[in-house]
Amino acid sequence: MIFEVLSPGLLTTVQDLGRWGYQGKGMPVAGAMDPQALKIGNILVGNDPGEAALEITLMGPTLAVVEGEGLIAVTGAEIAFTVNDIEVPLWQSVKVQAGDTITLSALKGHGCRAYLCVSGSLDMPIVMGSKSTYLRAGVGGFNGRALKAGDRISTGPLKPLTWLSADFSCPEHLRPDRKLDLPLRVVLGPQDDAFTEKGLKTFLESEYTITNEADRMGYRLEGPVIEHKSGADIISDAIPLGAVQVPGHGKPICMLADRQTTGGYTKIAVLSTPDIAVLAQRIPGQTVQFKTISLEESIAATKAEREQIEELLRLRASYRSRRVIPVGSPKAKISERWALRVNGNVYEVIVEELD
Amino acid sequence: MAEYLEPKVLYAGDSAVTIEFGDSIDIKVNARVQQLRQLIERGQFTGVVELVPTYRSLTVYFDPVAVGDVTPFFERLKKLAADTKGEVPEGGLIIVIPVCYGGEFGPDMQNVIDHTGLPEEEIIKRHTAVDYYCYMLGFTPGFSYLGGMDESLATPRLKEPRKVIPAGSVGIAGKQTGIYPIDSPGGWQLIGRTPLRLFDPQGQPPFLIDAGMWVRFRSIDRKEYDEIALQVATRTYKPEILTKSGDVK
């Protein structure tokens, strides 16, 4: 398919799971702020979970399909989504074709980042192992920048699973729950010992408000000052994804996808992986609280989220679209689909009969 | 105390762990960081995603699902860390960075002359006389934190930072010297510029300098700057890399 951007929305960028492997060289990872939503969207359109899609922020784009046909799905934030002015459900794949207009307009519920996933993924150059856009250095994605009106984006070739996945919907229980007003879970460290007991208590018992300085790099929070023992400066070390950094002013900053790789401020804790996206879906003015959990509990939560992706892959393997269209040769017929589990990985096997 | 008796394992969330060797900027402490990095790279660790060496610690990013039980994983890292020694390898790599000093590329050279009381030729001589150790990269893609500048060159940062400093600019900030890999704002005193690209996303490899390497500046004139810049643009430039023991690599 080829899309033309009629209006770009507020900040629409190409993101996959990020540019890992170069943090030691000072290169930020970037990637989807809500990776779980990206993975689900990709599965719905027949892609591998980690492929590149459009990350949409607050106000979405309008796209015209100018060539070809394929599947699209929108996941993540609750955003108004129409095709040719007809409302389309989120968390479900839908077929679009040349002549269609896709509109993602305003948010109508929780969340602030939505993912528009397309069958065949986006045809973008792979820069240092990833298609993700890192805006500050102008690396990756669509010429290193956010989309503009008039841009044309192509998708890659359709995959065997594309049409078989048509209308496939993510069941409610596998959609990430971002609505809960539960505290954000953190694991203390690496520099929790730089804070007084009172400082730790303040951090874990106070309510913090998300300020307007909240972007892909990090979220600055406003609230009670967290007391250090003797200072906020350390010899620079690595900043993990989701780190809660507390500089000298005592207010926490949560470090997200586009964070710098290293920094010289104390980090009181690191968000549990699933809760990084929970925060990234919140907007300025909303409040957050923190709750400490053990490292083992945090790993268990991360594994549980990963297991949901595996479950969705299994469901897709057993899903049979009502509009099965042969793939490969026009005469090919799909006779069987299997879900195979080998060494813990789920493989989808399609048996195609060729004339 | 510079170096801990035993390396510390610091929790850094469910997908990273930091192994810290000391609490000072010390080449011997950093040598242990680089050694641990090499040992892990060679050691067939399941689930290791990437390694980030910094001044005095190594952060190991891992996939908690692939690692399984983290306790033995952390134990193994800690044991490896304890086996490292604070010795700087003798055959370290030196990358030569050609720099055109002063003139239009060094708009703050006069500030450095005024502050240090040294003439321009002497500043260039002292800036090119030593090999700088790269402790780590960070701040922006490809920015190397270099140690070892002649303290007589130390000059405070600009009072008013520049909005844009062109990539390749070589500057001084207090006791530090460094090279801007990409156009970025900053307050360093700019004394020259290199035609090399420290960060080239399409390059193989994309980064010229690695932590644990040495950097040597070589003074070039404007004519040579233009020649090298052309070779860099056409991707025909081969960076000059030497070893500490003197052989060309």
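Values for this structure:
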| read-out | value |
| --- | --- |
| Residue mean of other protein chain beta carbons inside 10 Å, B:13-25 | 6 |
| Radius of gyration and maximum dimension Dmax of the range A:131-228, Cα, Å | 21.3, 58 |
| Net charge, A:E305 excluded, C-beta distance under 14 Å - Lys, Arg +1, Asp, Glu -1 | -3 |
| Whole-percent pair-distance distribution, where bins are 10 Å wide, for the alpha carbons of chain B | 7, 28, 31, 22, 10, 2, 0 |
| Gain on full stretching of the segment that runs from A:V349 to A:T196 - 0.36 nm per residue minus C-alpha separation | 49.5 nm |
| Bins of 10 Å, starting at 0 and running to the largest distance - Cα pair percent for chain A | 5, 24, 31, 23, 11, 4, 1, 0 |
| For the range A:27-70: Kirkwood Rh in Å [reciprocal of mean 1/r, alpha carbons] | 12.3 |
| Charge dipole (debye, nearest 20) of chain A; +1 at Cβ of Lys and Arg, -1 at Cβ of Asp and Glu | 220 |
| Sites A:I86 and B:V164, calculated FRET efficiency, Cβ-Cβ separation with R0 41 Å, nearest 0.05 | 0.30 |
| Projected label distance in nm at A:K229 and B:A154, using a 7 Å step from Cα toward the beta-carbon | 2.8 |
| Stokes-Einstein D (µm²/s) once Rh is taken as the Kirkwood radius of the range A:221-324 over alpha-carbon pairs, at 37 °C in 0.692 mPa s | 203 |
| Size of charge dipole - the range B:119-249 - debye, nearest 20, with Cβ of Lys, Arg +1 and Asp, Glu -1, no other charges | 240 |
| Geometric extent, Cα atoms of the range B:1-101 - Rg, Dmax (angstrom) | 14.9, 54 |
| Shielding of B:55-66 by partner chains, average beta-carbon count, 10 Å | 5 |
| Approximate spin-label separation B:K28-A:L174, in nm, with each point projected 7 Å along Cα-to-Cβ | 5.7 |
| Radius ratio Rg over Rh of the range B:162-214, counting only Cα atoms, Kirkwood formula for Rh | 0.98 |
| Over 22 Å (Cα to Cα) - which of A:K229/B:K85; A:K131/B:K238; A:K201/A:K251; A:K25/A:K229; A:K148/B:K163 fall in this group | A:K229/B:K85; A:K131/B:K238; A:K25/A:K229; A:K148/B:K163 |
| Segment A:A98-A:Q286, extension gain: residue separation times 0.36 nm, minus the distance between their alpha carbons | 63.7 nm |
| Unit charges on C-beta of K, R, D, E only; dipole of the range B:200-244, Debye | 140 |
| Debye-sum result for the protein assembly as shown in log10 I(q)/I(0), which assumes one identical scatterer on each alpha carbon, at q = 0.05, 0.06, 0.08, 0.10 Å⁻¹ | -0.25, -0.35, -0.63, -0.95 |
| For the range A:52-188, alpha-carbon Rg over 2.2 N^0.38 Å | 1.11 |
| Modelled label reach - A:A64, point 7 Å along Cα→Cβ, the range A:84-121 residues with backbone N closer than 16 Å | A:84-85, A:97-104 |
| GNM flexibility winner over chain A from A:T103, A:T211, A:T133 (Cα, springs under 10 Å) | A:T211 |
| The range B:17-41-the range A:234-294 distance, computed between alpha-carbon centres (Å) | 24 |
| FRET efficiency estimate (nearest 0.05) - Cβ-Cβ, B:T46 to B:K78, R0 25 angstrom | 0.90 |
| Exposed GluC sites (Glu not before Pro) absent: longest stretch of chain B, with sites in DSSP loops and at most 16 other Cβ within 10 Å deemed exposed | B:91-249 |
| Cα-projected label distance for B:D69 with B:E90, points at 7 Å along beta-carbon direction, nm | 4.3 |
| Surface/4 estimate of mean projected area, convex hull on alpha-carbon atoms of the range B:114-249, nm² | 8.7 |
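Each reported figure results from applying straightforward, stated rules to the coordinates on display, with no laboratory input. Owing to the predicted nature of the structure, the values given are computational and were not obtained by experimental measurement. Note that we place each Cβ from the backbone using ideal geometry, even for glycine, and neighbour counts take in every protein chain shown.
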